Amino acid sequence: MTATDNPRTEGALAALARFCYRRRRLVLLAWIAGVIAVAFAGFGYGAAPDNDFSGGSSDSAKAQALIEKYFPERQGDTLTLAIKADKGIDDPAARQRIEKVIADLDASPVTGPVTSPYQDENLVTKDRRIARTTIPLTVKDVRKTEVKPLVSLVKEASGDGVTLGLGGQMAEKAETPPQGSSESVGIVAAAVILFIAFGSLVAMSLPIVTALPAIVAGLALTKLVAYLVPAPDFTAILAAMIGLGVGIDYALFIVTRYKDGLQAGDTPETATVKAITTAGHAVLFAGTTVVIALLGLIVMGQRLMTGVAVATSVIVLVTMIAAVTLLPAFLGFTGHRINALRLPRRTFRRSGADGAPARERRTLAERWAGVVQRRPLAAAVLAGTALLVLAAPTLSMRLSNPDASVQPP
């Protein structure tokens, strides 16, 4: 017996759908209040990111353990000061400028001893025009706000034939401007696709307005869960991306089945119950599968990946709950108006023979599906070839951690 055949599960989902439909105002208010409360607690008092790569048996974890044991003063990242002097670093004016910068960097509370290129000939080129030195960071999880003044200090010291630059992972982070809202681009793209697919602004908006509160609540919960399972700083981006995808996808299943029910003559309430007890099962099964797959990252035994697994699982769980509770409430508000604000479309009808009633001509999607069903092997070969062509760039893909080489010159 599958999950969809279980009468207890079906009865529970039917009761839940009926309750959310009939008590839609209460459900909506509960969601609004819950999201506001969780967002206030999570974004206001959530745990700070923890970029700890320790744990597990990877080479990086072993290297980190050796550093912590034998070189505790070197636990932090490093910066590189690059120097170019047109007249050579031994020019009095250039030397005075370079030594002042090195002294200022050495005096920072987040840096360790800085070796001057005037003390180590290996740090200077033969023509004495180019030099460098490494600046150790003594703080393990130094913040960008603590490195930004060092970057500004080096930039402001350049001039009069002396060019100074600060490199390193933290320097790049400090210099990188805020990224654009890629999530907004994704939402707009999803809205356009849904509008074309559904042909209605109301139907298009339901998956999006269901997913967004779930994502906000899920992200806030990940901040609170981070007190128990610390997560790195990139977790929020990854969780938002996954949450947006599955949230819209799950709501799309249910809205499609709801529209089918209305078209078959069901009342809005009956169509809602049928949608949740059928497509809702698929949502629960798919969401549970995603959660299990994400939690598989825990097997790696690294704290960082464990935090990512738990945080992303939390946001998937929240989107599942929203799909089977908040969406039925929205369907209760829309009712038959789900097809309102329709996309203008031409309706083609073919006249029947001998005065038979005219019937609608099949849509392009239906005709395409018929071609694929009649020629499955050819369709599979063409689709596989197209995918291989699109995947060809992976053969020249370079896998590595990003460094200064990926930055603009």
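The values are calculated or read from the model by the stated rules, or taken from the named source; none is laboratory data. All of these numbers come straight from a predicted model, not from anything done at the bench. Ideal geometry is used to build each Cβ from the backbone, glycine not excepted, and the neighbour counts take in all protein chains shown. Remember, those area values only see protein heavy atoms, side chains included, never the ligands or the DNA or RNA. Shrake-Rupley method; radii C 1.70, N 1.55, O 1.52, S 1.80 Å.
Things to note:
- Helical runs assigned H by DSSP (4 residues or longer) give the chain a calculated mean residue ellipticity at 222 nm of -20500 deg cm²/dmol, each run adding -39500 (n - 2.57) before division by the residue total.
- Å² per residue, accessible surface of the chain at 1.4 Å: 59
- The chain, relative contact order in percent, only Cα pairs under 8 angstrom and at least six apart counted: 22
- Seen from THR163, the other residues with C-beta closer than 11 Å to its C-beta sum to a net charge of +2, counting Lys and Arg as +1 and Asp and Glu as -1.
- Rough spin-label spacing in nm, given labels placed 7 Å along Cα→Cβ, for VAL381 and ARG22: 5.9
- Among 165-171, 328-334, the order from most to least packed when residues are scored by Cβ within 10 Å on average: 328-334, 165-171
- In degrees, nearest ten, helix 268-295 long axis to first principal axis of the chain (Cα): 30
- Accessible surface of the chain [probe 1.4 Å, protein heavy atoms]: carbon and sulfur percent: 63
- Residues in the range 249-288 that a label on ASN339 would reach, taking backbone N under 17 Å of a point 7 Å out along Cα→Cβ: 255-272
- The length gained on full extension between ALA48 and ALA236, counted as 0.36 nm times the residue separation minus their Cα-Cα distance, comes to 66.5 nm.
- Angle between the chain longest axis and helix 24-45 axis [Cα atoms, degrees, rounded to 10]: 10
- Of all DSSP bridge pairs formed entirely within the chain, close to 100 percent run antiparallel.
- Subset of LYS62/LYS84; LYS84/LYS173; LYS100/LYS126; LYS84/LYS144; LYS69/LYS126 violating a 30 Å alpha-carbon distance limit: LYS62/LYS84; LYS69/LYS126
- For THR111, the amide hydrogen comes within under 5 Å of the amide hydrogens of THR138, counting only partners 5 or more places away or on other chains and with H modelled in the peptide plane.
- C-alpha long axis of helix 92-106 to longest principal axis of the chain, angle in °: 60
- Dipole of the chain [Lys/Arg +1, Asp/Glu -1 at C-beta], most positive-end residue of ALA392, VAL273, THR134: VAL273
- Here the spin labels are modelled as points 7 Å beyond Cα on the Cα-Cβ line, and at TYR227 and ALA369 they lie 5.0 nm apart.
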